[in-house]
Amino acid sequence: MQFPLGPKKPRHDNERVETMIRILLAEDEEAMRTYLARALENAGYDVVAVDRGTAAVPFLETEHFDLLLSDIVMPEMDGIELAQRCAEISPTTKVMFITGFAAVTLKASREAPQAKVLSKPFHLRDLVMEVQRIFGQPAQASI
């Protein structure tokens, strides 16, 4: 599978790139979920946002996502369990965790060593830059 080199950009005056990087965002805190989804959409990504891990699984089963961006501490199914399910369902989907808990960061690093962990608090620019880095995109100062 080949990933596009960047978010949707006009090729010519009225032609647009058809494929976008798709991100599944799992964050139980509503304000944070809205904030992150808006920032990623403004950076040109296609975002589907859910409020818990159990709500993310059906999306992983029925749709393609290039990145799972998940809080680690969530009710019902934490982000690490979600990442493990994601690896079973959609092994090509990359994973990035967000968390405000240092001890949880260590657990995530042990149990999902291929995943990037971004610790709260972070600036939206840092989030977008990490997503761009994951997909080998040139950094853009859009936020």
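The values are calculated or read from the model by the stated rules, or taken from the named source; none is laboratory data. Note that the structure is predicted; figures quoted are calculated from it, not measured. Note: ideal-geometry Cβ built from the backbone for every residue, glycine included; neighbour counts use all protein chains shown.
Being more than 19 Å from Asp46 (Cβ to Cβ), surrounded by fewer than 22 Cβ atoms within 10 Å (Cβ to Cβ) and modelled with pLDDT of 80 or more is the filter here; which residues of the stretch 90-101 pass it?
Matches in the stretch 90-101: Pro91, Thr99.
Residues in the stretch 64-73: is at least one at pLDDT below 95, assigned to a loop (DSSP other than H, G, I, E, B) and under 18 Å from Ala115 (Cα atoms)?
Scanning the stretch 64-73, I find at least one residue that is at pLDDT below 95, assigned to a loop (DSSP other than H, G, I, E, B) and under 18 Å from Ala115 (Cα atoms), so the answer is yes.
When only residues in the stretch 53-80 that are surrounded by 18 or more Cβ atoms within 10 Å (Cβ to Cβ) and among the charged types (D, E, K, R) count, which is nearest to Asp126 (Cα to Cα)?
Filtering the stretch 53-80 for residues that are surrounded by 18 or more Cβ atoms within 10 Å (Cβ to Cβ) and among the charged types (D, E, K, R), the one nearest to Asp126 (Cα to Cα) comes out as Asp71.
Looking at (1) of a type in the set (Val, Ile, Thr); (2) crowded, with 16+ Cβ neighbours inside 10 Å; (3) modelled with pLDDT of 95 or more, which is the only condition Thr34 fails?
The number of the failed condition is (2).
Are any of the residues in the stretch 2-22 modelled with pLDDT of 50 or more and closer than 22 Å to Gly100 by Cβ?
So far as the stretch 2-22 goes, no, none of its residues is modelled with pLDDT of 50 or more and closer than 22 Å to Gly100 by Cβ.
Condition (residue is modelled with pLDDT of 95 or more, under 18 Å from Gln132 (Cα atoms), among the hydroxyl-bearing types (Ser, Thr, Tyr) and part of a strand (DSSP E or B)) applied to the stretch 44-55: is it met by at least one residue?
Among the residues of the stretch 44-55, not one is modelled with pLDDT of 95 or more, under 18 Å from Gln132 (Cα atoms), among the hydroxyl-bearing types (Ser, Thr, Tyr) and part of a strand (DSSP E or B), which makes the answer no.
Kindly evaluate Val104 against the criterion of being assigned to a helix (DSSP H, G or I) and either at pLDDT below 95 or of a type in the set (Lys, Arg) (or both).
Yes.
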